[in-house]
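Trainee: The structure that follows is given in the form of structure tokens.
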Amino acid sequence: MSLRARTVLAAVAALSLGTVACTETEQDRAEVQAEAAGDQAQDAAARAGEVLEAGAMKAAQAVESGAGKVAGELEENQSEAAAEGRPGAIDPATDQRVPAN
């Protein structure tokens, strides 16, 4: 093999190695970026979950508060009805039903 052929072959080999090294570097960089993107996606999902959970908690608190208000009104109505002697009313203080006449 001539010196010129060997030089060309060496240059091609060097370029091939350089291309492989560049490709490996790019692959490493892409892997790091993919891992970072995965971490960011996981963080975003966790934040979204917290937002949903907080919303559900607020809704449950509103239902609980509303139910408490309704229960209070019903108790007040039953107390008044029992005090008036309306048949079927239950006195909340004693849990006794007002008898029918």
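Every number in this text was worked out from the coordinates using simple rules, so none of it is lab data. Just so we're clear, the structure is a prediction, and the values are computed from it rather than from any experiment. With ideal geometry, Cβ positions are generated from the backbone for all residues, glycine too; neighbour counts draw on all protein chains shown.
Trainee: Hey, with R₀ at 35 Å, roughly what FRET efficiency would Ala36 and Ala59 work out to, going by the Cβ-Cβ distance, to 0.05?
Mentor: Calculated value: 0.50.
Trainee: Provide the net charge surrounding Pro92, with neighbours chosen by a C-beta distance below 9 Å and charges set as Lys +1, Arg +1, Asp -1, Glu -1.
Mentor: Summing Lys/Arg as +1 and Asp/Glu as -1 gives -4.
Trainee: Quick check: net charge around Glu75, other residues with Cβ under 13 Å of its Cβ, Lys/Arg +1 and Asp/Glu -1?
Mentor: -4
Trainee: Take the Cα radius of gyration of segment 30-86 and divide it by 2.2 N^0.38 Å, with N its residue count; two decimals is plenty.
Mentor: Against the compact-globule rule of thumb, the ratio is 2.39.
Trainee: Now, a different point. Given a Förster distance of 41 angstrom, what is the FRET efficiency for Glu50 paired with Ala71, based on the Cβ-Cβ distance and rounded to 0.05?
Mentor: The pair Glu50/Ala71 has a calculated efficiency of 0.85.
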